[in-house]
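The numbers here are math on the coordinates, done by the rules we state, and not lab data. Keep in mind it's a predicted model, so treat the numbers as computed, not measured. Ideal geometry is used to build each Cβ from the backbone, glycine not excepted, and the neighbour counts take in all protein chains shown.
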Amino acid sequence: MKAKLSEYLTNQKLKIKELVADLSKEFKYVSILGADTIGYTYGVSRTTSSVGDSSWSERGFVIRVYNGINYSEYSFNSLDNLENIKSRIKEISVSDITILKEKGIILNKYPLIDEDELTDEFYSEYDQDPFAVPSEEKLKRMTELMNIGLQKDEHFIDFRVSYEEVKISKIFISTKKDLAQSILYTNMSIVGIARKDGNVKYDYTGFSGLIGFEIFNQAKDKIDIVAKSVISLLDAKRVKPGEYEIICDPSVSGLIAHEAFGHGVEMDMFVKNRAKGQEFIGKEVASDKVNMRDGAKSAVEVGTYLFDDEGTLGTDTLIIENSILKSGISDLLSALKLGTVPTGNGRRESFERKAYARMTNTFFEGGNDSLDDMVKSVKKGYILEGYFSGMEDPKNWGIQCVIAKGREIIDGKFTGVVVSPVLLTGYVPDLLKSISMVSTNNDMELSGTGACGKGYKEWVKTSTGGTYIKAVGRLG
Amino acid sequence: MLKDIIKLLKNKTNVDEFKITETVTTSTELFFIKDELNLSRGKDVTHINLTVYRNFEIEGKKLKGSSTTKISPTMSIEEISDKVDNASLSASFVNNEYYDLVEQTDDIPKEIKSKFSEGNVIEHISNLVKDLFSEENSVVGASINSCEFFINQKHIRIVNSNGLDVEYKSYSGQIELITEAKSETEEVELFEVLDFSDYNTSWIKKSVKQALIKTKLRAEATPLKKIKDIPVILTGEAVSTFFSYYAAKTSAQLVYQGISQSKIGDMIQTGDIIGDKVTGSSIPEMENSTYSRYYDSDGYFLKEVPMIKEGKLLRYLANKRFADYLNIEPTGAMRNIVIEGGSKSIQELKKGPHLELFNFSDFQMDVLTGNFGGEIRLGMYFDGETSIPITLGSITGNAKKVEQEMYFSKKLQKLNGFIGPKIIKIKNVSMVGN
């Protein structure tokens, strides 16, 4: 079945078109993005459970106008008083700009957006409508999963299961564009928490997709994986700081892709001269085994859409091709400033926030190696599995990844020793140039259970992944 | 609209209790590259969060289920009614232990003053811009790359079915500041986020100048060499993040969930303590803190609460729900933390070889396990004789392994939502150098 555009947006479309037409009499460019996202989150733990609206739920609009020099925006969530809306966007783009200029503030000139006529729509497909399944059944199945987990070992003090279902509806109306899309995704995460000798250890797994309630079919198998991982952490050691051969599982590969050359090629950073990647376009930045992509059309996951939050159609960008940095990812205003073609990566946290160049579905493509061969080739090192967080440094190409655990490999065999947590740090090109083996696309996994920030804010839904990669990394 | 929602809820037989939080926000935002304005934004939004409660019994046990839903100002009363019914149905399957909602009290909150409450916001934000760029040339060799300015004015009202009806105003500002400097080989940058609730020109100027000084230092920094077994000095935000481990020890929620085993009267620092012991409290109002307020999200009236004294847990920090679960007096949920200074001066703490760390990519403390660490963006390595600015490398450690001998400066610093030691010195920290 297909996701449907929200009734609310469908009903408001005419009013929004009239508002665009009205404002177009005064401004050379006017666009309005309308968002109506519904969603619910469910959580069960040993002591409490919860149901509520998803944090991604929103309903509102953002107007963008060309103020004669650059662009001004107004976000609002009431359509009761159209005159007030018109008055506010004029205040922001005319009166306030005049005051700022009088205060000596200089405005950076941007070209006028030149759009082609475009009418299009997209509705994602799924098997089972999650909104049609009663809350009772969801909570019941989640509680069953939790209980299976808790029974796996006496050391478990909690086994938390969370589930989220979200349906995004968006319209983009400008003088020349009339776009609509509705995208439904679900995601689940399972967190096992255990205590031994007063020390608490935990691990989690997350899975997601442009799928419906059928996501629950994947959940049961994950319980055992999480339980085994957490139990292995109870006797985990700290890694002896140093440089090791590492094999990264698809989640860690994805994190590296995301932090290293995802954030590093967001082209609003090029405009600010904040990304070293800009001077490396066309140059070697990784080993010849490395191919990396990002795009709303690069994969079918939570970063998939027809158009971004500036009305640009999503694309499939080849970022790294056989070691060479080929292209960045761009929002519309940065592309205007740089004189490049926007890649459809202009995304907002919500209708209330500015659009920035953001990732969508980001991953390393598969290679020709097998995981078995990769493990056999390691003299002394670790396979790194799962992560807690990562942080980018696009200007100076540092990377920080907090990895959930490493399993020791010596002379091609697992020793049974587990280290946790592991901090993977280093200089991005050193890490990517050290990639010597990449497993095949049969191992490809993408996941988007969390959210990606720009700095410490502006959270958007992205998916990351890849296959297994073998490299040399600095662990601590 | 609130009146209509309350009327609707009172007529619903499937709603036992409710809580509504209405937040009306007006924002002004400016985005700069260098000293040029690239985009201006404004925002007027109203958010209504409704929590519907169902009280019921299963096998003689009193339970309370809840579900929270967002009501948009554009929703018709029929649409809201459907949302309430859905939330009510969901709440009836949430089998949480029973607790009472917050009641109205006679407590009168102090007015939290902010210059952002008066005058024109565009004037305020242009003053911030002026202050920030007035410092641009204060440090030779460093400059401002880009910055973003946000001023939010909020009016918050919390109403529940228990007769509670409280409201307050809140003001917050944020500047995201990117500073850059050129080294012999490449340009470097540092990233700072300044959060504030009042207009303080000298604080803004001082913060910008410090950021520029640190960026210039980063340009002069060399990658951290392989070193070990020297003490680490944490500064700035990392100090506040480090103490979040001890703040979490006071969490009633973690105790109820069985994650924390902290007991009142117990030492929260383990082992034989030969260093400084943690003493801390939570306070509702802190100067220039965006977390200052006299009501928590349930509408509970907040007062200062001493939490930890000389490493000993005095009291759990508990909202009404978890206080009821543990049968203790609630404190409300507070985000302003005060940690007392320690036994040593900054000069004493900086004696002898050490690694002093100013900026990380993202210094993290896992409050459940005590694991902490981060990649270093800027630090100063002192070998006992000379100091060298360093970058790259990383540190990792565990609070349980360092808390026996850690020392806090007597001198305090003030960050957003945190007053505490300006620096702390810890041992047994792993370092990865080049």
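Observations on the model:
- Distance violations [Cα-Cα > 29 Å] among B:Lys228/B:Lys422; A:Lys457/B:Lys226; B:Lys154/B:Lys216: A:Lys457/B:Lys226; B:Lys154/B:Lys216
- Sorting A:Leu19, A:Leu79 by the number of Cβ atoms found within 10 Å of their own Cβ, with the fewest placed first, yields A:Leu79, A:Leu19.
- Legend: ranking of residues A:Arg88, B:Arg377 from fewest to most surrounding C-beta atoms inside 10 Å; resulting order A:Arg88, B:Arg377.
- Exposure proxy for A:Thr449, A:Thr360: other Cβ atoms within 10 Å of each Cβ, ordered fewest to most, give A:Thr449, A:Thr360.
- Counting lysine pairs in the range A:1-74 whose alpha carbons fall under 17 angstrom apart, excluding pairs fewer than 8 residues apart on the same chain, gives 4.
- Residues in the range A:118-127 carry Karplus couplings, in order, of 7, 10, 7, 8, 8, 9, 5, 10, 8, 8 Hz; the curve used is 6.51 cos²θ - 1.76 cosθ + 1.60 with θ = phi - 60°, and Gly or Pro positions show x.
- Inter-chain Cβ neighbour count for B:357-366, averaged per residue, equals 4 (cutoff 10 Å, partner chain atoms only).
- Structure-based [θ]222 nm, chain A - -39500 (n - 2.57) summed over DSSP H runs of at least 4, per residue, nearest 500: -6000 deg cm²/dmol
- The protein assembly as shown - Kirkwood radius from inverse mean 1/r over Cα pairs (Å): 28.7
- For the range A:327-411, the extents of the C-alpha atoms along the principal axes are 53, 28, 25 Å, listed from largest to smallest.
- Candidate aspartates and glutamates for bridging to A:Lys405, where Cα separation is under 18 Å - those fewer than 8 sequence places away on the same chain excluded: A:Asp203, A:Asp224, A:Asp235, A:Glu243, A:Glu245, A:Asp249, A:Glu385, B:Asp366, B:Glu375
- Checked against a 30 Å cut-off, the cross-linked pairs B:Lys110/B:Lys425; B:Lys206/B:Lys344; A:Lys177/A:Lys454; A:Lys461/B:Lys130; A:Lys170/B:Lys10; B:Lys43/B:Lys411 give Cα-Cα distances beyond that limit for B:Lys110/B:Lys425; A:Lys461/B:Lys130; A:Lys170/B:Lys10; B:Lys43/B:Lys411.
- For chain B, the residue among B:Ser345, B:Val94, B:Tyr53 whose Cα projects farthest onto the positive side of the dipole built from Cβ charges is B:Ser345.
- Legend: residue pairs A:Lys237/B:Lys350; A:Lys240/A:Lys276; B:Lys312/B:Lys401; B:Lys249/B:Lys303; B:Lys351/B:Lys427, Cα-Cα distance threshold 22 Å; pairs beyond threshold, A:Lys237/B:Lys350; A:Lys240/A:Lys276.
- Residue mean of other protein chain beta carbons inside 10 Å, A:416-425: 4
- Gyration tensor verdict on chain B (Cα atoms; rounded if a/c is under 1.5, prolate if a/b is larger than b/c, oblate otherwise): oblate
- Per-residue shielding of A:150-161, expressed as the average number of other chain Cβ atoms within 10 Å of the residue Cβ, stands at 1.
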